[in-house]
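Novice: Structure in structure tokens, see below.
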Amino acid sequence: MTQLRAAWRLGLAVLSVLHGLLICALLFPWLKAPQRMRHVGAWSARTLKALGIELQVQGVVRPGPVLLVANHVSWLDILAINAVQPARFVSKADVRRWPVLGWMVECGGTLFIERERARDAMRVVHQVAQALQAGETLAVFPEGTTSDGHGLLPFHANLLQAAIVTETPAQPIALRYADADHAVSPAAAYIDDTTLVQSLWWIACAPRLRVDVVVLAAEGTRHLDRRALAERLRESISASLAGC
């Protein structure tokens, strides 16, 4: 029964991806950025539903330009945040090389960073700052990689500099995945040598998988040190996860 349910969910997810490809190829060239982002948000919510994932949301994202800062558990994080508030993400450059999905992610306005190259961070900081000044919503995962969802890794502060130099608020988001058998679902964790195919199968098989998106109070950034800001945001997310 589990395998049949998983196969059904994956089939629906494939249809959602095909629909997304058509939107990117046929509609996006004619749409302005806000219209594109609305499609991104609606598509993300549909794809979560196709995979059998329930979305629960607490709090709201502040209006206007904002840098969303979240803990990182899975590639699902992007869908979950976009379903709540469509945003442009900063992602590792190797995501761009994913078959099909990499192109779709790029169509969604993602900025790619070569984390192995220290100088590349400054290039992306400038891009993020320009987008924030243009009034856009950006999202980053300052852990730099995914965790198993049980705790937080150290936060890297470099990308937060974009919010400081533009005096844009930074708003923390706490993400947690649970299922029928686990308060912290192992099915969602995209860690170690897990492949995308393995991750999809585990997610599709998980019973009543749920993602909790807790949008916390925004932090002002004016005159702050980026490391102090990173620690403040990390503490806020950590406290929220501990209270789940």
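The values are calculated or read from the model by the stated rules, or taken from the named source; none is laboratory data. Owing to the predicted nature of the structure, the values given are computational and were not obtained by experimental measurement. Don't worry about glycine lacking a Cβ; one is built from the backbone with ideal geometry, like all the others, and counts go over all protein chains shown. Just so you know, the surface numbers come from the protein's heavy atoms only, side chains and all, with ligands and any DNA or RNA stripped out. Shrake-Rupley method; radii C 1.70, N 1.55, O 1.52, S 1.80 Å.
Novice: Which one of Ala157, Ala204, Ala187, Ala131 is more than 16 Å from the chain's Cα centre (by Cα), modelled with pLDDT under 95 and crowded, with 17+ Cβ neighbours inside 10 Å?
Specialist: On the way: Ala204 fails: modelled with pLDDT under 95; Ala187 fails: modelled with pLDDT under 95; Ala131 fails: modelled with pLDDT under 95.
Result: Ala157 is the single residue among Ala157, Ala204, Ala187, Ala131 that is more than 16 Å from the chain's Cα centre (by Cα), modelled with pLDDT under 95 and crowded, with 17+ Cβ neighbours inside 10 Å.
Novice: Further question on the same structure: Are any residues in segment 78-113 part of a loop (DSSP other than H, G, I, E, B), hydrophobic (A, V, I, L, M, F, W, C) and closer than 21 Å to Leu55 by Cβ, and if so, which ones?
Specialist: Hit for segment 78-113 is Ala87, nothing else.
Novice: For segment 182-208, what are the residues that are touching an Asp or Glu at 6+ places or on another chain (Cβ under 9 Å) and more than 19 Å from Gly151 (Cα to Cα)?
Specialist: Ala206, Pro207, Arg208
Novice: If you don't mind, another one. Within the bounds of segment 167-182, is there any residue that is closer than 24 Å to Val211 by Cβ, free of Cβ contacts under 8 Å to residues at least 24 places away in the same chain and open to solvent by 10 Å² or more (accessible area, probe 1.4 Å)?
Specialist: Yes - at least one qualifying residue is present in segment 167-182.
Novice: Of everything in segment 75-111 that's aromatic (Phe, Trp, Tyr) and open to solvent by 30 Å² or more (accessible area, probe 1.4 Å), which residue is nearest to the chain's Cα centre (by Cα)?
Specialist: Taking segment 75-111 and keeping what is aromatic (Phe, Trp, Tyr), we get 75, 89, 98, 103.
Cutting the leftovers down to open to solvent by 30 Å² or more (accessible area, probe 1.4 Å) gives us 75, 98, 103.
Values: Trp75: 7, Trp98: 16, Trp103: 16 Å.
This residue is Trp75.
Novice: When you look at Trp8, is it at pLDDT 95 or above and exposed (fewer than 14 other Cβ atoms within 10 Å of the Cβ), yes or no? Outline the logic, then answer.
Specialist: Working: at pLDDT 95 or above: yes; exposed (fewer than 14 other Cβ atoms within 10 Å of the Cβ): yes.
Here the answer is yes, as Trp8 does meet what is asked.
Novice: Here's another thing I want to ask about it. Could you tell me which of the residues Val69, Val61 is over 15 Å from Ala188 (Cα atoms), touching a strand residue (DSSP E or B) at 6+ places or on another chain (Cβ under 7 Å), hydrophobic (A, V, I, L, M, F, W, C) and open to solvent by 10 Å² or more (accessible area, probe 1.4 Å)?
Specialist: Numbers: Val69 fails: open to solvent by 10 Å² or more (accessible area, probe 1.4 Å).
Unique residue meeting the criteria: Val61.
Novice: Further, regarding this structure: Would you please name the residue that is most open to solvent (accessible area, probe 1.4 Å), looking only at residues in segment 112-123 that are at pLDDT below 85 and either of a type in the set (A, V, I, L, M) or touching a Leu at 6+ places or on another chain (Cβ under 6 Å) (or both)? Explain how you work it out, then say what you get.
Specialist: First, the residues of segment 112-123 that are at pLDDT below 85: 114-121.
Now drop any that are not either of a type in the set (A, V, I, L, M) or touching a Leu at 6+ places or on another chain (Cβ under 6 Å) (or both), which leaves 118, 121.
On the way: Ala118: 90, Ala121: 14 Å².
In this case the residue turns out to be Ala118.
Novice: Looking at segment 211-244, which of its residues are aliphatic (A, V, I, L, M), assigned to a helix (DSSP H, G or I) and either touching a Ser or Thr at 6+ places or on another chain (Cβ under 7 Å) or more than 22 Å from Ala83 (Cα to Cα) (or both)?
Specialist: Step one: list which residues in segment 211-244 are aliphatic (A, V, I, L, M), which gives 211, 213-218, 224, 228-230, 233, 237, 239, 241-242.
With the extra rule that they be assigned to a helix (DSSP H, G or I), the set shrinks to 228-230, 233, 237, 239, 241-242.
Selection gives Ala228, Leu229, Ala230, Ala239, Ala242.
Novice: All but one of (1) open to solvent by 10 Å² or more (accessible area, probe 1.4 Å); (2) at pLDDT 95 or above; (3) over 17 Å from Ile81 (Cβ atoms) hold for Thr137, so report the exception by its number.
Specialist: All conditions are met except number (3).
Novice: Next up: Taking only segment 152-210 into account, find how many residues are touching a helix residue (DSSP H, G or I) at 6+ places or on another chain (Cβ under 6 Å), under 28 Å from Glu54 (Cα atoms) and part of a helix (DSSP H, G or I).
Specialist: Qualifying residue count for the region: 2.
Novice: Turning to a different aspect of this structure: Of Gln3, Gln56, Gln35, which residue is surrounded by fewer than 16 Cβ atoms within 10 Å (Cβ to Cβ) and either touching a His at 6+ places or on another chain (Cβ under 8 Å) or more than 19 Å from Gln85 (Cα to Cα) (or both)?
Specialist: Values: Gln56 fails: either touching a His at 6+ places or on another chain (Cβ under 8 Å) or more than 19 Å from Gln85 (Cα to Cα) (or both); Gln35 fails: either touching a His at 6+ places or on another chain (Cβ under 8 Å) or more than 19 Å from Gln85 (Cα to Cα) (or both).
The match here is Gln3.
Novice: Tell me which of these Trp103 doesn't satisfy, since it passes every other one: (1) aromatic (Phe, Trp, Tyr); (2) over 22 Å from Ala187 (Cβ atoms); (3) touching an Asp or Glu at 6+ places or on another chain (Cβ under 9 Å).
Specialist: Trp103 satisfies all of (1) aromatic (Phe, Trp, Tyr); (2) over 22 Å from Ala187 (Cβ atoms); (3) touching an Asp or Glu at 6+ places or on another chain (Cβ under 9 Å) except (3).
Novice: Filter segment 51-77 down to the residues that are among the aliphatic types (A, V, I, L, M) and assigned to a strand (DSSP E or B), then identify the one that is farthest from Glu219 (Cα to Cα). I'd like the intermediate steps shown before the answer.
Specialist: Just the residues of segment 51-77 that are among the aliphatic types (A, V, I, L, M), to begin with: 51, 53, 55, 57, 60-61, 66-70, 73, 76.
Keeping just the survivors that are assigned to a strand (DSSP E or B) gives 55, 57, 66-70.
On the way: Leu55: 25, Val57: 19, Val66: 10, Leu67: 10, Leu68: 10, Val69: 11, Ala70: 13 Å.
Among those that are among the aliphatic types (A, V, I, L, M) and assigned to a strand (DSSP E or B), it is Leu55.
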